[in-house]
Amino acid sequence: MAPRKVRYIHFREEVRKYNPNDLIPFLAAEATRHQDLTTAWDDRWVKGFPPWFLAAAARDSLVYGNVNGHRNREMSPGRFITMRNLFTEAHDNPIVGASMTMADLALMLGRYAYEQFPYQSSVMEELARPYILFSDTDVPEQYRRPEPDEWKDVLGGTIEQALSASFIIFVGVMHNNGVFDPAVFTADWYSQVDRVVPSEVGLRVLDILTATVEEAREDGRSAPELPDYLQRYSYNPLVKTPLIDIGDGLRYAPQPQFVLRAMTTENLYYRGMRQWAGDNFGAALGMRVQAYTGRQLRHSGEHTVIEEFRWEQKKRGGVDSSDWFLVTPQVTVLIECKSARMGYAAKAGTPDGVKQANTVLGKAFGQIRNNADEIRAGNPAYAHIPADRPLVGLVVTAEPFYTANTPPVREVLPDPGIPTMTISLRELELLAALSPSEVGAGLEDIVANDELYTWPLALALPKVLPNLHEDRDNSLLSDAYETAFLPLTERWPTGGPDQ
């Protein structure tokens, strides 16, 4: 008899054998055992229990588990391995082998990237970026709403307080087997932290990040249904409420990284849009992304950075240039900034995902072409932009678009007229920590390489700059982290946050 072909539904059926009230605490403990505070990539994940497996198990338990079942099984090490094996062996892709097109491959790689790449991000970056973006980046007055204090109704405190509270909760979870006790915020030792995050603010943030099993199930089932072969990439309610209340007074984090991600730029975008959609929140965030980009490029003082300018065109009147220009010894870089983001279904790898890229990125590619044409035509308004070296375009997005540089996505985008790559804020931060010569040489080599030109910049750069990861500190991020967040970890009492 031929062996059974494992599909994702078999993994889900295995998860459903366990009561969520038992499985969620078990997964929370396992998650902290297999990860640490750095949240950096761990080679043990490949053969062990990767964090995306734990996240999927928790999601399926919350959304599809049976709380009132009379035949729920007890978990054991052997059964946990069986569950992991079903997850890793499941294969639902209907298109395989020679029948797979480049577009199919891009979609498949994209869904893997959105599932797995976020676990490689650092705590420092994920906290410092929204802190700087929303509370320490200057924008024109008409784009300043919401002010940091206006986030209280959405997050339970100011941006700084909410970020700090989420960090306290994350550290507490990681020190206490995936569990957070609300009593931490009223413990005697907490007076050392109270001036940064008042206890009542910490408790409000905790409540905002918490759902019961029933509430998480309702949230999970409210998301658009995906095709059967994409069920592994379904919406996870832990993204919105990463802490689960099973009724015993404690809070469980079956995937602790979601505690941090609840306050990332992406999630703050969705929370902000729900609150201030009518107040032009999207445009305000776009301006913040643009201002943040310039601040990153200028923070080291090494780079030659030229900001956006307005020039007069006979038929159109005033016309804005690209958002930024970065001048390196090898290339002149034209930069466009976009706060738009891919939808949930597109990230899961539905066929519409490639098409949606044009909606999100198309205008930026067109703007790069227009500016490149003006530079090469010798428009006097662009005389201060060096035209004596190759031009390269960068489209900076508020969140990663992992497949944006692949041929299938490029095919649906306007021709930018010059070599152009889409990069995330995280990749921009990487560039900003390099010297002008390294940035110029790196971009010049990448765009000249047919293969690397299709990769995400973070993966391509190490191939052309072998010493990339040696002493490359982004001081803007590290200073913000060390000032606002690192001291919080030093105030835990000896013995852990449950003391």
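State which residue is farthest from the chain's Cα centre (by Cα) when the search covers only the stretch 424-440 and only residues that are open to solvent by 10 Å² or more (accessible area, probe 1.4 Å) and of a type in the set (Asp, Glu).
My answer is GLU438.
Does the stretch 86-104 include one or more residues that are among the acidic types (Asp, Glu), more than 24 Å from the chain's Cα centre (by Cα), within 22 Å of PRO237 (Cβ to Cβ) and modelled with pLDDT of 90 or more?
Checked against the condition, which is being among the acidic types (Asp, Glu), more than 24 Å from the chain's Cα centre (by Cα), within 22 Å of PRO237 (Cβ to Cβ) and modelled with pLDDT of 90 or more, the stretch 86-104 yields no hits at all.
Which residue pairs have Cβ atoms closer than 8 Å, lie 6 or more positions apart in sequence or on different chains, and pair a first residue in the stretch 48-61 that is over 11 Å from ARG16 (Cα atoms) and open to solvent by less than 10 Å² (accessible area, probe 1.4 Å) with a second residue that is assigned to a helix (DSSP H, G or I) and among the basic types (Lys, Arg)?
Filtered contacts from the stretch 48-61: PHE53/ARG84; ALA56/ARG232.
Give me the pairs: first residue in the stretch 191-208 and farther than 19 Å from ALA262 by Cα and open to solvent by less than 30 Å² (accessible area, probe 1.4 Å), second residue among the charged types (D, E, K, R) and at pLDDT below 90, beta-carbon distance under 8 Å, and six or more apart or on different chains, which are they?
Close Cβ pairs satisfying both conditions: VAL193/ARG491.
Of all residues in the stretch 153-185, count the ones that are part of a loop (DSSP other than H, G, I, E, B) and either out of contact with any Ser or Thr (no Cβ under 7 Å at 6 or more places or on another chain) or hydroxyl-bearing (Ser, Thr, Tyr) (or both).
The qualifying residues number 5.
How many of the residues making up the stretch 401-423 are buried (at least 23 other Cβ atoms within 10 Å of the Cβ), in a loop (DSSP other than H, G, I, E, B), among the hydrophobic types (A, V, I, L, M, F, W, C) and touching a residue at least 60 places away in the same chain (Cβ under 8 Å)?
Residues flagged as buried (at least 23 other Cβ atoms within 10 Å of the Cβ), in a loop (DSSP other than H, G, I, E, B), among the hydrophobic types (A, V, I, L, M, F, W, C) and touching a residue at least 60 places away in the same chain (Cβ under 8 Å) within the stretch 401-423 amount to 0.
Considering only residues that are among the acidic types (Asp, Glu) and at pLDDT below 95, look in the stretch 213-267 and name the one that is least open to solvent (accessible area, probe 1.4 Å).
Restricting to residues being among the acidic types (Asp, Glu) and at pLDDT below 95, the top hit is GLU266.
Restricting the first residue to the stretch 347-369 and requiring it to be within 16 Å of TYR114 (Cβ to Cβ), which pairs with a second residue that is buried (at least 16 other Cβ atoms within 10 Å of the Cβ) and charged (D, E, K, R) meet a Cβ separation below 8 Å and a spacing of at least six or different chains?
Final answer for the pair search is LYS347/ARG111; ALA348/ARG111; GLY349/ARG111; GLY353/LYS347; VAL360/LYS338; VAL360/ARG341.
For the stretch 353-365, give me each residue that is surrounded by 15 or more Cβ atoms within 10 Å (Cβ to Cβ) and over 16 Å from SER339 (Cα atoms).
Selection gives GLY353, VAL354.
Could you check the stretch 283-334 and list, in sequence order, the residues that are in a strand (DSSP E or B), over 17 Å from ASN379 (Cβ atoms) and either in contact with a Phe, Trp or Tyr (Cβ under 6 Å, 6 or more places away or on another chain) or among the acidic types (Asp, Glu) (or both)?
Result: GLU307, single match.
Every residue in the stretch 187-234 that is among the aliphatic types (A, V, I, L, M), outside any helix (DSSP H, G or I) and more than 21 Å from the chain's Cα centre (by Cα), please.
Matches in the stretch 187-234: ALA187, VAL193, VAL196, VAL197, ALA211, LEU226.
Given the residues VAL319, VAL305, which is the only one that is modelled with pLDDT under 95 and either in contact with a Gly (Cβ under 6 Å, 6 or more places away or on another chain) or within 19 Å of ASN371 (Cβ to Cβ) (or both)?
Criteria check complete, one pass: VAL319.
The values are calculated or read from the model by the stated rules, or taken from the named source; none is laboratory data. These numbers come from a predicted model, not from an experiment. No Cβ is skipped: glycine too gets one built from the backbone with ideal geometry, and neighbour counts run over all protein chains shown. To get the accessible areas, we keep the full protein, side chains included, count just its heavy atoms, and leave off ligands, DNA and RNA. Shrake-Rupley method; radii C 1.70, N 1.55, O 1.52, S 1.80 Å.
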